[in-house]
Ligand SMILES: Cc1cc2nc3c(=O)[nH]c(=O)nc-3n(C[C@H](O)[C@H](O)[C@H](O)COP(=O)(O)OP(=O)(O)OC[C@H]3O[C@@H](n4cnc5c(N)ncnc54)[C@H](O)[C@@H]3O)c2cc1C
């Protein structure tokens, strides 16, 4: 068994691992990324390829590098197909939106980390952590079948939604969130499909609810002839045969006549609230490994990139100050909750609601609302969901007022939850009380919505 030593060891070379390593290496630290895939396959990750807000991604990987992976910068709205109502809603999406060649994006960010000075060890499967008196001190892995111990001052777990790193670590002596079950995840599958003729909706992300299992199908145009077609469902629901469901929908769509499938991939993603705490002595988790996914859209690249950057900055300070305690790393939790964690936790309330309401009724309501009103409702400040609807809209929504009332109540509860996350403690000593209050609020939410507790 050989042993290697670094300042920081990062498990996984996805978005989280690459952005974390780029920031750390850019600050002059010795960083190794351990990636189980080989050099050719690294970066090939199941994804819908929709990249939101890349213009504001951390600058540790230069923006012009990311641009080389963008294949469709022209998408600017969501196109929601509601077959039950024979309706299509076009809803503008604010901020920068693009569709990428995900494999190329994966390569580009790995190159960004390498250029910053990080090392990457391919074919290296992380299997265990090195721990000493509760502090994580490194990772044990096999490289090309040979066991190697990677010692480090800090370990960052960026090994994705099915990371085994946390399973191997003893995190009981910290506040690290271990309340994680597969029912809080979504199972998703996608195909890259080449169509013979350009699709007419190459400026939109197309969404469509599946007939059952609280899921949705998507069609995201990489170009007007290369489409990322996929679907997912929350794992609280009865399993769905995803390949067949996708095939049935593709067969019904005229645009896909004569289409050729060029790639297939599936994975799980954490459509849940972010971990309450993702730090333990010498250890931080980022991206999917810490639930940093928008639970309503499944978008996780942005959360992984931001969280990785915050974790790296906190790790740099910890190394400078030679303090790797939970309290020293706590600022990472605060920055995540402040930037997007609180918002994702509040959005999760709608996810929970979607498992408890009649989806047909909800679709029927959405179909009766004008797209621009819905856009206002979706993007306006936390309490103003635009329900001061004008008389015309009120008449259109006649028959759905019970559902509207339910949505308004859900919105109010989500707002209260968001306010609670704005009070996320700045000291681990205040964490248990904050968590207890949050759990009481969640109990109120489950009861009001009539949903089975998710956590
Ligand atoms: C089907 C699907 C569609 C999606 N669509 C979108 C979308 O359109 N837009 C969006 O923003 N997000 C989307 N997501 C979510 C997004 O892909 C993830 O949130 C994002 O990739 C998370 O990045 P990450 O770095 O945390 O993890 P990952 O990208 O999963 O990277 C983890 C890395 O760790 C490696 N690894 C895992 N275990 C080990 C181990 N034991 N040892 C060594 N290496 C290991 C993996 O090989 C991988 O390279 C989708 C997810 C799925 C499954």
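Return the residue satisfying two criteria in turn: it lies in the range 187-207 and is touching a strand residue (DSSP E or B) at 6+ places or on another chain (Cβ under 8 Å) and more than 19 Å from residue 51 (Cα to Cα), and of such residues it is surrounded by the fewest Cβ atoms within 10 Å (Cβ to Cβ). Out of the qualifying residues, it is 194. Residues of the range 131-147 that are at pLDDT 95 or above and within 12 Å of the ligand (Cβ to nearest atom): 139, 140, 141, 142.
A quick yes/no check of all residues on (1) surrounded by fewer than 19 Cβ atoms within 10 Å (Cβ to Cβ); (2) more than 18 Å from the chain's Cα centre (by Cα):
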site: 95; (1), (2): yes, no
site: 100; (1), (2): no, no
site: 104; (1), (2): yes, yes
site: 109; (1), (2): no, no
site: 116; (1), (2): no, yes
site: 119; (1), (2): yes, yes
site: 125; (1), (2): yes, yes
site: 130; (1), (2): no, yes
site: 133; (1), (2): yes, yes
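If you go through the range 306-328 one residue at a time, do you hit one that is away from the ligand (no atom under 14 Å from the Cβ) and closer than 27 Å to residue 182 by Cβ?
yes
A residue that is surrounded by fewer than 17 Cβ atoms within 10 Å (Cβ to Cβ) and either within 25 Å of the chain's Cα centre (by Cα) or closer than 30 Å to residue 69 by Cα (or both) can be found somewhere in the range 172-179.
Can you work out which of the residues in the range 261-294 that are within 11 Å of the ligand (Cβ to nearest atom) and part of a loop (DSSP other than H, G, I, E, B) is surrounded by the fewest Cβ atoms within 10 Å (Cβ to Cβ)? Can you show your working first?
If we filter the range 261-294 for residues that are within 11 Å of the ligand (Cβ to nearest atom), which is where we start, we get 264-271, 285-294.
Then drop every residue that is not part of a loop (DSSP other than H, G, I, E, B), which leaves 270-271, 286, 291-294.
Working: 270: 25, 271: 28, 286: 32, 291: 30, 292: 28, 293: 27, 294: 18.
Taking the candidates together, the pick is 294.
Filtering 171, 246, 231 for residues that are in contact with a helix residue (DSSP H, G or I) (Cβ under 7 Å, 6 or more places away or on another chain) and either assigned to a loop (DSSP other than H, G, I, E, B) or not assigned by TED's automatic domain parsing to the domain that holds residue 104 (or both) leaves a single hit, 231. Restricting attention to the range 295-305, the residues that are more than 8 Å from the ligand (Cβ to nearest atom) and either part of a loop (DSSP other than H, G, I, E, B) or surrounded by fewer than 24 Cβ atoms within 10 Å (Cβ to Cβ) (or both) total 2.
Yes or no: residue 85 more than 13 Å from the ligand (Cβ to nearest atom), in contact (Cβ under 8 Å) with a residue 60 or more places away in the chain, closer than 24 Å to residue 300 by Cα and not assigned by TED's automatic domain parsing to the domain that holds residue 170? Full working, then the answer.
On the way: more than 13 Å from the ligand (Cβ to nearest atom): yes; in contact (Cβ under 8 Å) with a residue 60 or more places away in the chain: yes; closer than 24 Å to residue 300 by Cα: no; not assigned by TED's automatic domain parsing to the domain that holds residue 170: yes.
Judged against the criteria, residue 85 is not a match.
Hey, could you check the range 177-206 for residues that are assigned to a strand (DSSP E or B) and more than 11 Å from the ligand (Cβ to nearest atom) and say which is nearest to residue 104 (Cα to Cα)? Steps first, please.
Taking the range 177-206 first, the residues assigned to a strand (DSSP E or B) are 186-194, 204-206.
Okay, now just the ones that are also more than 11 Å from the ligand (Cβ to nearest atom), so 192-194, 204, 206.
Details: 192: 14, 193: 17, 194: 17, 204: 21, 206: 22 Å.
For the range 177-206, the residue satisfying everything is 192.
When the strands (runs of 3 or more DSSP E) confined to the range 1-74 are screened for residues that are touching a residue at least 12 places away in the same chain (Cβ under 8 Å), within 14 Å of the ligand (Cβ to nearest atom) and out of contact with any helix residue (DSSP H, G or I) (no Cβ under 7 Å at 6 or more places or on another chain), those reaching at least 2 such residues are found at 31-34, 70-72. Considering (1) closer than 26 Å to residue 352 by Cβ; (2) touching a helix residue (DSSP H, G or I) at 6+ places or on another chain (Cβ under 9 Å); (3) at pLDDT 95 or above, the lone condition that residue 218 does not fulfil carries the number (2).
The values are calculated or read from the model by the stated rules, or taken from the named source; none is laboratory data. In this text the structure is predicted, and so the values were computed from the model without any measurement. When we count neighbours, we look across all protein chains shown, and the Cβ atoms used for this are built from the backbone with ideal geometry, even at glycine.
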